[in-house]
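Just so it is clear, none of the values below were taken in a lab; they were calculated from the coordinates. Keep in mind the model is a prediction, meaning the values are calculated, not measured. Ideal geometry is used to build each Cβ from the backbone, glycine not excepted, and the neighbour counts take in all protein chains shown.
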Amino acid sequence: MLFNSIDFMIFLPIVFILYWFVTNKNLKLQNFLLLISSYVFYGWWDWRFLSLIIFSSTVDYIVGIGLSKTEEKRNRKLLLLASIIVNLGFLGFFKYFNFFSESFASAFTFFGRPIDATRLNIVLPVGISFYTFQTLSYSIDVYKRKLEPTKDVIAFFSFVSFFPQLVAGPIERATNLLPQFYKRRYFGYDNTVEGMRQMLWGLFKKIVIADNCAIVANNVFNNYQNVSSVSLIAGAVFFTFQIYGDFSGYSDIAIGTSRLFGFNLMKNFAFPYFSRDIGEFWRRWHISLSSWFRDYLYIPLGGSRGSTWKKIRNVFIIFIVSGFWHGANWTFVFWGGLNAIYFLPLILTKRNRINLNTVAENRFFPSIKEIFQMGTTFILTVIAWIFFRAESLSIAFDYIKRIIINFEFIRPRQEGVGFDIAFFIILIVFIFIEWTGRKYEYATVRLLSMNKSKPMRWLGYYVIILTIYLFGVFSEKIEFIYFQF
Amino acid sequence: MKKYTFNMLGFILGLFILNLIFIIILKDSIYTREYEAVKLGYKTYLLSDSHGLPLEDSLENVGIFNFAAGSDSYYDIYRKVSFLIKNTDVERIIISVEDHTLSEQRANSNNLDRSLYYADQEDFNSIYEFITKKYIINNLPLLSSKRRYFIKHCLQFKFSPPQKGYILKDWSKLPLHKKKEMCTNRYNVQFQNRKKSNSLVSSLKDIINICKVNNIEIIGIKFPLSRDYIATIGNKNFGADSLFYENNIKVLDLKDLYLRNDNYFSDEDHLNIIGGKIFSEFLVNLLK
């Protein structure tokens, strides 16, 4: 069930009404309704996926109970290991079996002993990369005694399967989200309306910005050998906006939807394309994932402490694993590695945490230096996104090679790479709105939430809705990019 | 909660008012008005997408009604054929079987919202589906991604309908680079990275079958294309004509008819009004 679908438009009000009018007086009923709704939501894709999430939830629930009953270090480690093996085992099997099998076979072929790759017809369960990490955070935090294990089955299963963020995040920490299931939620007008505003903005980012950019990007990437350098650059830039609009839009819808039910999820994007360096970019892009890797992988490995070699090793491990998390393809691994190379100079010179505030804070115009910094960071991320988007490493390298060699200026429109001028204006307005709203949770907080005039706020809502209606792309073929992870 | 409910109801009311405004915009516009205009007294009907539009009503004096509409797919043509069988004494149908008409682009870009006008309960799987699609969703343009394109154009042209593209344009007057750009764009839309639509194949087969069962003669037609566009598409063809050949149905392949007459075209693959008139005369002679 996609957020931008008629099914969800029917599903959400029904759950909302039942939640606040039928089950609101009882915590267990509230959680139970969320659990059932989440399973309906998830099973809408494929009911078979439910068995996996229920099994994963069961394992981690039992591990939590087990950890509460034993103080012996060895037993506790075994329980944690069981959780890690089951969760990462499922993830590894469904996501990476064919990749490893084919890579294995390719390696043998390379060394002159070809073998047939065993390939299984595996359907990747939607959201497995997300909820697996979410439940792992529970097991790890309970093991580290940061969180009391829960005995409330309904609360725990609801936490794992909570539908607004189940299939594409934010990846919530158990320490943040699970306690919210222990307390009855009360209807709050401001929180609910704020959630709806955020959902509206998320829909705009996804349906208007991301999906229109996808048309141009797909056109270029699918036909990259027959277009000129300018079109190739345009394709890469449009993909850069596509992935931001798609993923941050989804996150806004997820966070906004959660607010409708009285839940507060973590922020997942903080205007990453206004970053002044790569360190800042990774503090602003997919925050839930990068912070997960930081806390559960990078810091346990030693983080930025220790010898230079260890720092380099840890940086590469975390970025490559992060790349690998995104998909079973060497392009994602390379993308991660490239980001590690970008990040390394900052960490070695201890400059990875110098831009902690918002760019041009309390000013409208950035300084020349800030413009240069943002421009450089943006270009580096665009280059990296080429690897993320390309179907293979050879295509990605060929794509970049064609930009650099035989650079010639041919108008993209002449090559069939065109876009509506009205959309281009919308894109500029969008960047302007994002810039002016860059210090808030999402861009239109100032325009809508903080606007004291009700008629102006309502005008703003209708203008956004009208823009979505007139300029949005309503095609079932363009899904959320991160669903494939 | 009361404040929220009250404000939500007010907001939804605003959306209904917006919906009503869109219904009014669409009601007397060419989007539905021209689509729903059909003359029932003919024995031969021409059914195609926008390629048939330049012929306008020039065939009516020889007993052929031009029932073409821009973006008509075989889904829509089936509904129209079914309608004609029930409401007219149709004896012959001429259907376009262009190279692109089985493309998934055509499957996605269709007139299913407009051809509902010609559909009745038998065309749906259940009465629930019939009522929902024909009477409820059809009157909610705010939920229709198709109708919004037309509303967008109406607003762009300040409530006046856009001009029919084929009236004034002359393909021969365009510079070469512009022609190449337009051909490439059109090719990308219709063919590049597109697959054949199995559901359109199924619809076309249904059209053939329903005509056979009702003893209606069926003829396929491929409208003329410009020389530049023929060069661009090469031998790309999703095979609508092959389906006709397999069923021993005659196909008038007139794609190459005007290779030396760029002035008959408004763009790479549509005749203009001059070309439409001349082609009509040719077609009438051919069908005699």
Report the Stokes-Einstein translational diffusion coefficient (µm² s⁻¹, integer) for the protein assembly as shown, Rh taken as the Kirkwood radius over Cα pairs, at 4 °C with viscosity 1.567 mPa s. 44 µm²/s
What residue among A:443, B:257, B:238 has its Cα farthest toward the positive end of the dipole of the protein assembly as shown, where the charges are +1 on Lys, Arg and -1 on Asp, Glu, each on the Cβ? A:443
Place a +1 charge on the Cβ of each Lys and Arg in the protein assembly as shown and a -1 charge on the Cβ of each Asp and Glu, then give the dipole magnitude about the Cα centre in debye, rounded to the nearest 20. 3160 debye
Arranged by the count of other C-beta atoms within 10 angstrom, fewest first, what order do A:196, A:9 take? A:9, A:196
According to a simple spin-label model (label point 7 Å from Cα along Cα-to-Cβ), what is the distance in nm between residue A:85 and residue A:368? 6.3 nm
Filter the GluC sites (Glu not before Pro) in region A:362-426 down to the DSSP loop ones having no more than 13 other Cβ atoms within 10 Å, then list what survives. A:391, A:408
Toy charge model, Lys and Arg Cβ at +1, Asp and Glu Cβ at -1: region A:6-187 dipole around Cα centroid in debye, rounded to 20, equals 640 debye
From phi via Karplus (6.51, -1.76, 1.60), per-residue ³J(HN,Hα) for region A:77-83 in Hz, x at Gly/Pro: 5, 5, 5, 4, 4, 4, 4
May I ask which residue of B:266, B:42, A:23 lies farthest towards the positive end of the charge dipole of the protein assembly as shown, with charges of +1 (Lys, Arg) and -1 (Asp, Glu) on Cβ and the Cα centre as origin? A:23
In which sequence would B:146, B:222, A:146 go, from the one with the fewest C-beta neighbours within 10 Å to the one with the most? A:146, B:146, B:222
Local electrostatic count at residue A:175 - Lys and Arg +1, Asp and Glu -1, tallied over other residues with Cβ under 13 Å: 0
Convex hull volume per residue in cubic angstrom - Cα atoms of region B:2-287: 158 Å³
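Scan region A:370-460 for chymotrypsin sites (Phe, Trp or Tyr not before Pro) in coil per DSSP, keeping those whose Cβ has at most 16 other Cβ atoms within 10 Å, and list them by number.
Answer in residue order: A:407, A:409, A:440.
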Pair residue B:212, residue B:89: separation of 7 Å Cα→Cβ label points (nm): 2.7 nm
Report, largest value first, the span of the C-alpha coordinates of region A:6-187 along each principal axis, in whole Å. 69, 51, 22
At most 16 other Cβ within 10 Å, DSSP loop - trypsin sites (Lys or Arg not before Pro), region B:1-59: B:39, B:43
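Among all stretches of chain B without exposed GluC sites (Glu not before Pro) (DSSP loop, at most 16 other Cβ atoms within 10 Å), which one is longest?
On the way: sites that count: B:34, B:36, B:91.
Between the exposed loop sites, the longest stretch runs B:92-288.
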Among A:222, A:275, A:241, the residue whose Cα sits farthest towards the positive end of the charge dipole of chain A (+1 at Cβ of Lys and Arg, -1 at Cβ of Asp and Glu, taken about the Cα centre) is A:275
